[in-house]
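Taking it in order: structure first as structure tokens, then the write-up.
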Amino acid sequence: MDSGSSPGGTSPVEDFLRGDVLVAQGMISGEVSRTLDERFRLTLPPEFAQAIADENGQTILVKERAGCLSLWRASDWQLKLKQGVSLIHQKIQAGRMEQRYAEVQRLGRLLSTRFRTVQLANRSRLLLPDGFREFLGVSANQEVIVVGAVICVELWQPTAWLEHLKAEMPQFNPLFQDLSQ
């Protein structure tokens, strides 16, 4: 097997194109259905869990949009957050936000409830905290769609996922063309 091959003898690009759950070349891809158990635990595919958890099994759970949560590697989320907050702080210090304090407070309120550090048990089982499962809109013993979204893993309420796909799929080709040029 050459250095560009995966364990099955295919290249990472061929694996990616097969549509399997895959983490290759820094890209998280795939879609699987999982059932939330009676204790509101969800078992992630091991490849997904490994891609978003640190060495201690911690990851960042984020409220994205109604019916969708995302899981991020802590270092990636913290960098993203630090860059944004730093820029806002610089604008406040420079006096450029005085007319926008209500918006800054609104952002602060949303940011305060938007994310939480969570621990994956056994490196792949996630316990959904109360406020997050309500935001996701799921109950115990209900299906959740787990999607690799290249830079993070998303958890979708099935109806919300289907509606999202219906709205977004017609834009796939133009988006792919734009991003791959």
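The values are calculated or read from the model by the stated rules, or taken from the named source; none is laboratory data. The structure displayed is predicted, hence computed values, not measured ones. A quick note on method: Cβ atoms are made from the backbone with ideal geometry, for glycine too, and the neighbour counts reach across all protein chains shown. Keep in mind that these areas ignore ligands, DNA and RNA; they rest on the heavy atoms of the full protein, side chains included. Shrake-Rupley method; radii C 1.70, N 1.55, O 1.52, S 1.80 Å.
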Full extension between Arg114 and Ala167 adds, at 0.36 nm per residue less the Cα distance, a length in nm of 16.7 nm
Work from the charge dipole of the range 32-92 (Cβ charges, +1 for Lys and Arg, -1 for Asp and Glu, about the Cα centre) and give the residue of Thr59, Gln78, Val32 farthest towards its positive end. Gln78
Taking a virtual spin label 7 Å from the Cα of Lys91 along the C-beta vector, which residues in the range 99-129 bring their backbone nitrogen under 16 Å of it? 99-111
Any residue on another chain or 5+ positions along whose placed amide H is under 5 Å from the amide H of Ile151 is listed here as Ile28
Work out Dmax and Rg for the range 31-110 from the C-alpha atoms and quote the Rg first, both in angstrom. 17.3, 51
Evaluate the distance, in nm, between pseudo-label points positioned 7 Å from the Cα of Leu79 and of Leu107 along their respective Cα→Cβ axes. 2.1 nm
Can you tell me which of 135-144, 149-158 comes out highest on packing, and rank the rest after it, using the mean Cβ neighbours within 10 Å? 149-158, 135-144
Contour minus Cα-Cα span, Asn56 to Glu134, at 0.36 nm per residue, comes to 25.4 nm
Contact order relative to length of the range 41-181, as percent, for alpha carbon pairs under 8 angstrom and 6 or more apart: 34 percent
Got a number for carbon plus sulfur as a percent of the range 119-178's accessible area, 1.4 Å probe? 57 percent
Restricting to lysines 8 or more places apart or on different chains, can you count the pairs in the range 31-181 with Cα atoms under 24 Å from each other? 5
Between Arg39 and Thr159, what is 0.36 nm times their sequence separation minus the Cα-Cα distance? Round to one decimal in nm. 41.0 nm
Counting pairs of Cα atoms in the range 90-181, how many percent are more than 21 Å apart? 56 percent
